[in-house]
Amino acid sequence: MNETTVVFGEHKHLLGTLTQPDSPIATPSHGSSKIGCVLMCAGVIHRIGPHRINVKLARALADLGLPSVRMDLAAVGDSRPPPTDTAYDEQAVTDLRAGIDLLEQKFQVTHVLMAGLCSGAVYGFMTALNDERVSGLYMIDGYAYPTPRTKRERYLQRARQLSPSDLARSLRARIGRSEAVSAPPAQAAPDYGLSHPPIDETAGRLNRLLDRGVNIAQLFSGSILQHYNYDAQFAEAFDAYPGIERIQSEYAPHIDHTMTSIAAQREMIARITAWASVMVDGN
């Protein structure tokens with residue numbers, strides 16, 4: 001494995017780290033073209049990812065024969081702002097496509113897998129819609145659409161955090177038989193600033209990618225409980241949109257948003273590399 005820091009992009013404003021495997025570069029199961037990977041930063045965390053997850057993931061992917069670039073978007077980490085006034089979301093897609101161009105130039109890849117967390121998941125999704133070289137998309141804590149059950153589940157989860165006596169007093173207070181008892185403050189899950197499009201718009205875009213043959217997988221952590229908090233939520237939220245069931249969607253409440261523990265990091269890397277291996281050998 002060899003790692004190199006590179007400056008790239010139309011305005012040479014982007015900085016990333018290329019990871020090249022020692023073994024021959026993997027080819028997809030459906031052809032002879034080469035596959036590469038783009039690993040995105042999340043929010044203001046630069047290209048190494050939270051707890052260096054992107055570094056570890058890039059090296060695990062290299063063991064599969066997959067080269068990758070982990071990159072800082074414009075004005076994040078070591079990348080400079082471009083000399084343009086492009087809207088940030090649009091610039092992010094332009095930057096990620098430059099990352100795909102870089103993999104194509106350096107390793108002659110024509111199929112690209114993208115993996116990202118939070119805003120990285122969203123920008124990967126947006127890039128896939130604009131670049132047909134993207135053949136795989138793994139999103140962690142991307143767009144989450146609550147259902148009526150989501151709110152009920154959250155109330156139940158909060159109730160389980162109360163002691164039996166506190167729960168009993170709270171219930172009595174609610175039906176007016178005693179004064180209200182203050183429950184311990186709930187650990188409110190942050191929404192991480194993601195702005196969700198209407199669900200029908202997202203469903204249409206997902207189906208466009210699926211119809212193009214893009215392998216889409218996603219995982220929701222246990223850190224966005226007011227938005228996503230039970231196994232079947234994605235299927236129920238998109239039940240009215242045929243075709244979406246083709247997406248591999250998982251809920252892992254024991255994994256937090258930034259994969260703080262070593263165990264969570266190892267599990268996430270195992271999940272993503274298992275998904276990527278399907279693209280390599282079809283298993």
* Rounded, prolate or oblate: pick one for the range 1-82, where a ≥ b ≥ c are the square roots of the eigenvalues of its C-alpha gyration tensor, a/c under 1.5 means rounded, and failing that, prolate if a/b is larger than b/c, else oblate. => prolate
* **Anchor K34: lysines whose Cα lies under 17 Å away (excluding residues fewer than 8 positions away in-chain)** => K106
* **In nm, spacing of pseudo-spin labels at S261 and D239 (7 Å Cα→C-beta vector)** => 3.3 nm
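The numbers here are math on the coordinates, done by the rules we state, and not lab data. Because the structure is a prediction, the values reported are computed rather than measured. Cβ atoms come from the backbone with ideal geometry, glycine included; neighbour counts cover every protein chain shown.
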